[in-house]
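All remarks here apply to the structure that follows.
The values are calculated or read from the model by the stated rules, or taken from the named source; none is laboratory data. Just so you know, these numbers come straight off a predicted model, no measurement behind them. All Cβ positions, glycine included, derive from the backbone under ideal geometry; neighbour counts span all protein chains shown. Note: areas computed on protein heavy atoms with side chains; ligands, DNA, RNA excluded. Shrake-Rupley method; radii C 1.70, N 1.55, O 1.52, S 1.80 Å.
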Amino acid sequence: MSNPIITLTTDYGTNDHLVGTLKGVILKINPDVTIVDISHHVTPYDLLDGALTIGAAYPYFPARTIHVVVVDPGVGTERRPLLVTSENQYFVAPDNGVLSLLYERDPTVVVRHANVEHYYLQPVSKTFHGRDVFAPVAAWLAKIGQTASMGDVIEDYKKFAMPRPKATDGVLKGVVLRVDSFGNLVTNFRAEDLSDEAKQAGKVQFKIGTQDVSRLVETFAQGNAGEPIAYLGSSGYIEIGVNRGNAARTLALGRGAVVTLPGK
């Protein structure tokens, strides 16, 4: 594999040695790789946040990129390490559902149990599989370019349904999935949940907490000072933001807040 790229997505944060250690392991096995940090600030132990983070980024990487995704509250237990092939990219992650958005988008994925310990560091720590399992598997894959030798194909891998708005009593009831670093509230509504009339007129009837949001705009600058606005974010979800402000603080709302919209 020429000029291989390995990305890292974790909940490790950047205050400790953990991320640097992963990079050291990778470079010791294959010094020719390019390592890209997607994020190390996934909400700790949060599989949905991990799924959304890698799901927002991986489509923009070149063919044959290898993505290491370590959000692993079950580290050291019997949960399996996986090597997943999706079209022309690869994913190394624990079998806990953190790749559920990938599975939803690509039902043709090939999932292997990456259990060939020849590719692990030894001894394997019970608390740091990122170092001893996932990073070395990714580095060896970048070096040899073959998946078949790294484990057998499995069909019973874990996945969860990504949250979707549900129709209840004449309204669609959704939720805030996450709050980004600017304080924008990322909901689980998508453009297809809006009527054509709403999209054309730029008028919606969202209610988030006790706050009404009535304007659908194309970009932040169309919002007035302090006004909560709805827009289609770059990851494909409807977001609630405040132009040059922090919607989470302005509205005193966060992840899990209920968002409703009258049915079409």
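Would you point out which residue out of Gly174, Gly202, Gly226 is touching a residue at least 60 places away in the same chain (Cβ under 8 Å) and farther than 24 Å from Tyr58 by Cα?
Working: Gly202 fails: touching a residue at least 60 places away in the same chain (Cβ under 8 Å); Gly226 fails: touching a residue at least 60 places away in the same chain (Cβ under 8 Å).
It is Gly174.
Look at Ile154 and say whether it is in contact with a His (Cβ under 8 Å, 6 or more places away or on another chain), among the aliphatic types (A, V, I, L, M) and modelled with pLDDT of 95 or more.
Numbers: in contact with a His (Cβ under 8 Å, 6 or more places away or on another chain): yes; among the aliphatic types (A, V, I, L, M): yes; modelled with pLDDT of 95 or more: yes.
Yes.
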Worksheet item: Do we have any residue at all in the range 37-52 that's part of a strand (DSSP E or B), open to solvent by less than 60 Å² (accessible area, probe 1.4 Å), touching a helix residue (DSSP H, G or I) at 6+ places or on another chain (Cβ under 6 Å) and farther than 22 Å from Asp156 by Cβ?
Response: yes
Discussion item. Under 6 Å between Cβ atoms, which residue pairs at least 6 apart in sequence (or on different chains) link something in the range 86-110 that is within 19 Å of Asp132 (Cβ to Cβ) with a partner that is among the β-branched types (Val, Ile, Thr) and surrounded by fewer than 19 Cβ atoms within 10 Å (Cβ to Cβ)?
Written reply: none
Response to the item:
Residue set Arg215, Arg244; condition touching an Asp or Glu at 6+ places or on another chain (Cβ under 8 Å), open to solvent by 40 Å² or more (accessible area, probe 1.4 Å) and outside any helix (DSSP H, G or I); output residue Arg215
Fill in: Restricting the range 218-241 to residues that are part of a loop (DSSP other than H, G, I, E, B) and in contact with a Ser or Thr (Cβ under 8 Å, 6 or more places away or on another chain), the residue that is nearest to Arg178 (Cα to Cα)
Tyr237
Discussion item. Contact list please: Cβ distance under 7 Å, first residue in the range 61-74 and in contact (Cβ under 8 Å) with a residue 24 or more places away in the chain and surrounded by fewer than 24 Cβ atoms within 10 Å (Cβ to Cβ), second residue among the hydrophobic types (A, V, I, L, M, F, W, C) and in a loop (DSSP other than H, G, I, E, B), pairs at least six apart or on different chains.
Written reply: Arg64/Met1
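Evaluate the following for Lys159: is it open to solvent by 50 Å² or more (accessible area, probe 1.4 Å) and within 13 Å of Val259 (Cβ to Cβ)?
On the way: open to solvent by 50 Å² or more (accessible area, probe 1.4 Å): yes; within 13 Å of Val259 (Cβ to Cβ): no.
The answer is no for Lys159.
Taking the condition among the small types (Gly, Ala, Ser), touching a Leu at 6+ places or on another chain (Cβ under 7 Å) and either part of a loop (DSSP other than H, G, I, E, B) or surrounded by 15 or more Cβ atoms within 10 Å (Cβ to Cβ) (or both), does Ala198 pass? Before the answer, list the steps.
Numbers: among the small types (Gly, Ala, Ser): yes; touching a Leu at 6+ places or on another chain (Cβ under 7 Å): yes; either part of a loop (DSSP other than H, G, I, E, B) or surrounded by 15 or more Cβ atoms within 10 Å (Cβ to Cβ) (or both): yes.
In short, yes.
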